[in-house]
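Data first, discussion second: the structure below is written as structure tokens.
The values are calculated or read from the model by the stated rules, or taken from the named source; none is laboratory data. Only a predicted model underlies this, so the values are computations on that prediction, with no experimental measurement involved. Positions of Cβ are generated from backbone atoms using ideal geometry, with glycine treated the same way; all protein chains shown enter the neighbour counts.
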Amino acid sequence: MARPRSNLSDYVTVLQDYYAQHQVVPSITELSTLWRIAGRSWTHRLVVRLKESGYLEESPGRRLKPGPRFYERTLVDRVAAGTPQAANDAPTESLSIDRFLIETPSETELFQVRGDSMIDAQIADGDYVVIERRSFANPGDIVLAQVDGEYTLKTLAKDAGGFYLEPANAAHRPIRPREGMAIHGVMTGLFRRLSTGKRPRAKREHRTVSHT
């Protein structure tokens, strides 16, 4: 056991790993053990610093919970996808993935993609798309639309015949609604998890959308 170090990120990353597994912030006593700190008073001081920095906050029942900066990840550097480049020793920044992808949480939903009709738009089977609920969209937007009673993810297009849905795969035909089309939302982001050989964690609730 030891006194706290000055670098908060060391403690935040340990706590983030714990929270990812257990979905709860430990008590002060448990945090002392987790962080290997001698004494509750030192742990309490560290918790105060984490709250002041926005990593932790208190719920109405005074239970610790993640604060607005808890989910930030270190943005180390830009990486070249072509010719390798020298490493950058400049100070790092932090980025909240949730805040980066989601502008209006109350109007945002996640859908998991099924099918390959949008593969040429780099949207693959199994990807998760971020949908901002709207009833309107512009031609060229990738939309989640309800067509003839079914949801599908396509690019909204328009010609002399009116609005229709354009796939991003030559093997699929454009969709022209027979009974009507309603825009559920516009795609604002996408993410996917690559296989690492690790044991998968419990899945969070999401919805599935077909774009076949």
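Here are some notes:
- Taken together, 61, 54, 82 contain a single residue that is at pLDDT below 75, outside the structural domain of residue 132 (by TED's automatic domain parsing) and either within 21 Å of residue 193 (Cα to Cα) or not in a helix (DSSP H, G or I) (or both), which is 82.
- Check on residue 147, at pLDDT below 95, in contact with a strand residue (DSSP E or B) (Cβ under 6 Å, 6 or more places away or on another chain) and under 30 Å from residue 20 (Cα atoms): no
- Number of positions in the range 120-161 that are farther than 17 Å from residue 180 by Cβ and of a type in the set (S, T, N, Q): 3
- Residue pairs meeting the criteria (Cβ under 7 Å; at least 6 apart or on separate chains; first farther than 19 Å from residue 59 by Cα, in the range 11-33; second surrounded by 11 or more Cβ atoms within 10 Å (Cβ to Cβ) and aromatic (Phe, Trp, Tyr)): 11/35; 14/35
- A search for C-beta distances below 8 Å between a residue of the range 113-138 that is touching a residue at least 40 places away in the same chain (Cβ under 8 Å) and any residue that is part of a loop (DSSP other than H, G, I, E, B) and β-branched (Val, Ile, Thr), counting only pairs 6+ apart in sequence or on different chains, returns 113/123; 114/212; 115/212; 116/212; 117/212; 129/123; 130/102; 132/104.
- Residue within the range 95-105 that is farther than 20 Å from residue 190 by Cβ, touching a strand residue (DSSP E or B) at 6+ places or on another chain (Cβ under 6 Å), at pLDDT below 90 and not assigned by TED's automatic domain parsing to the domain that holds residue 192 present: no
- Within the range 4-33, tally of residues that are over 11 Å from residue 46 (Cβ atoms) and part of a helix (DSSP H, G or I): 13
- In the condition set (1) in contact with a helix residue (DSSP H, G or I) (Cβ under 6 Å, 6 or more places away or on another chain); (2) in the same structural domain as residue 69 (by TED's automatic domain parsing); (3) among the small types (Gly, Ala, Ser), residue 168 is compliant with all but (2).
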